Structure formats: C-alpha cells, structure tokens
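Right, one structure below, let's go through it.
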Amino acid sequence: MSSFRFVALLALGLPLAAQTAHVASDLGRKVLAAGLDAGECYRVRDLEISLEDARFFLTDGYLMLGKPVAGGPLTAVFSADTDGGDGEVLLLPPNRSERKSMASYTGTPNLSEHFSQAAFIFTDSSARALIEQVRSNGTPRAPEIAPIMMDRWSRVVANLISGFESRIVLDLLTPPESEAKKGGFFEAVIEGKKLGNFDVLYDARGYEQLMAGQITTRKDLSYWDTWTSFVSRSHRGQPAELPEEQILGYRIDATLDSSLTMHCVTRIRVRTTEDQEVRLGSYELFNRGEPLTETVWEKLMLGLSTRKYGQRLPVKP
C-alpha cells in the first residue's frame, strides 16, 4: 500500500490566532535550523528506549543528539560503526491479524531486527529520557567521532525534520497539562541488517499509535508497505478519545490546465471541540492505494530512504 501525507499547521480563528501563528512560525524556523550538536556526541553502551509495545536497544555504538529547541533536543542519530557495535528494535503486535501481516512482509510475526544505523525524531517524553540516561550514567563523550557523524547525518536529519516541522511545532505549543494527556511522537528511521531501511513510528495522538513499514519499489514505482499498525498497550480497551476538532465542511475546487496538470484549492471550516485555549491544529491530506510519483516522493535520505511526512500547505486562518 502506498501513502503520502501533506501536513499543514493551522492557527484557528480564535481571538489571538494571529499572534499564535506568528509564534508558530518563529518556532518552526528554530526547529528547521536546529540540526545536530557536534558537542553532544557520545560513546554509548546498553541504552534503551521503551515506547509501550516497542523497545529500542542501543547496545554498543555512538550517539549524537540534536541542538535543543524549547528546552530539549528533538533529534538523535545512532551509529554502530565500531567493533562489536549493534542496535536492536523489538516490536510485538498484540493480535493474530497484525502478527500475520508482519510475517507476510518480514517472514516473522514479531519484529526483532538488529541495526547498524538509525535516526530518531521525537517530541515524546520517554524518548527524551534517553538524554537523561546518557548524562546520568557518566557516558563518555566522543569528540573525535563528531565530525564523521556530522558529515554523514547533518543533511539526513535536516531532510527528515523538514517533513515533521508542523507536527513538532504543534506538540511544542500544546499546553503541558494537555500534552500530558495526548503525548508526543517518536519516529525511528532504521537501517536493518536483514530487512534494509524501514520506519517505526509511535504517535500518542494517532488512532493506532504504533506502526512499522517500509518503502519498496515495484515496476519502477515506489510504494509504502505498512507491515503492522495497531493500538498501543495503554490505549487498548479504552474508549476512543474525542477528536480535537470538528470539521464542519470543506470545498475543493479543481481545474485541469492545458498540460492536463490538476490544480486544487481546498477550503475547510473547523471548530475546536476542546476549551477555547486550543489555537492550533495539524491537518493532513492522504492519498492511499496509488504509486508515489517522483513529483511527490523524493529520495531525501543519503543511504536511508523513508516516507516524506509532508509539505506545508498554504492555509489561511
């Protein structure tokens, strides 16, 4: 199954919407400019990231953190390019249908894959706990490796984070008391030793919070294959949360030009369903079931291919 997603950050039509949009714009520029921090490169062993049904083990290698934005880093990269270096991801689908789906793509019902390289983008608090592990354990810095890591990963991280800008800004501007309820997200782009390049995503705001999949090519066309997608442990058996906003209506005006290229203008009416302090929303347009064309899908990664999560849409409050 193929999928691409365009994301827009919208300041809702509330009394301070214009001010909120300005703050979001400034924060978005900081997110894009942050990049990796050459002074935060470490020689790490036995670190762990736990995200409910998913666990990441950074057994032996090098870890570089991103520059902080709004109090903490949003990115990290891991390399196992050392003697005995290794990382591992473990993901356990909770039911038979998802295990069968996983097995149809990977050959096993559970994901247990060792990896040599990985890039992480996150606003989730459990992922930020990784920084606390590094600093509380007295993990030694590796300044001699920093230039190598910067050279390999800087453009990769810049390309990745550009697709997550709207979602990151949304999470950073969500009030702490609300964010504690909704949580953030964690995206891992992994270079597996057997399965090649694939993604694992945890999104606390999602209908199904955990997903894993991979870009594949068939007949010279790129497709997104969803290996598994399911409700995480803490959400299973719980009543579905109300949406953060109600879509009152939308209108799509589409025209074809002389070259048979379609041009679309979409107008949408939205009302928040929460308290009036909610001023931001992240909106997505999906296209599923068709191959990705080169005009939509770009191979942004240098050695690691992943989904491009989105491009900002021109949205007027």
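The values are calculated or read from the model by the stated rules, or taken from the named source; none is laboratory data. Remember, predicted model here, so these are calculated numbers, not experimental data. Here Cβ is always computed from backbone atoms with ideal geometry, including for glycine, and neighbour counts include all displayed protein chains.
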Yes or no: Ala76 crowded, with 21+ Cβ neighbours inside 10 Å and either assigned to a loop (DSSP other than H, G, I, E, B) or of a type in the set (Gly, Ala, Ser) (or both)? yes
Those residues of region 220-245 which are farther than 21 Å from Glu88 by Cα, in a loop (DSSP other than H, G, I, E, B) and of a type in the set (Gly, Ala, Ser), in sequence order: Gly237, Ala240
Being at pLDDT below 90 and either of a type in the set (Val, Ile, Thr) or part of a strand (DSSP E or B) (or both) narrows Leu63, Leu10, Leu27 down to just Leu10
So which of Arg167, Arg141 ends up being in contact (Cβ under 8 Å) with a residue 60 or more places away in the chain, in contact with an Asp or Glu (Cβ under 9 Å, 6 or more places away or on another chain) and surrounded by fewer than 17 Cβ atoms within 10 Å (Cβ to Cβ)? Arg141
For region 201-219, how many residues are among the aliphatic types (A, V, I, L, M), part of a strand (DSSP E or B) and closer than 17 Å to Phe230 by Cβ? 4
Which pairs turn up if I take residues in region 233-244 that are under 17 Å from Glu52 (Cβ atoms) and look for partners that are surrounded by 11 or more Cβ atoms within 10 Å (Cβ to Cβ) with beta carbon separation below 7 Å, at least 6 apart in sequence or on another chain? Arg233/Glu52; Arg233/Asp53; Ser234/Glu52; His235/Gln209; Arg236/Pro94
Just wondering, is there one or more residues in region 147-162 that are aromatic (Phe, Trp, Tyr), in a helix (DSSP H, G or I) and in contact (Cβ under 8 Å) with a residue 40 or more places away in the chain? yes
Test: residue in region 105-115 that is buried (at least 16 other Cβ atoms within 10 Å of the Cβ) and assigned to a helix (DSSP H, G or I): yes
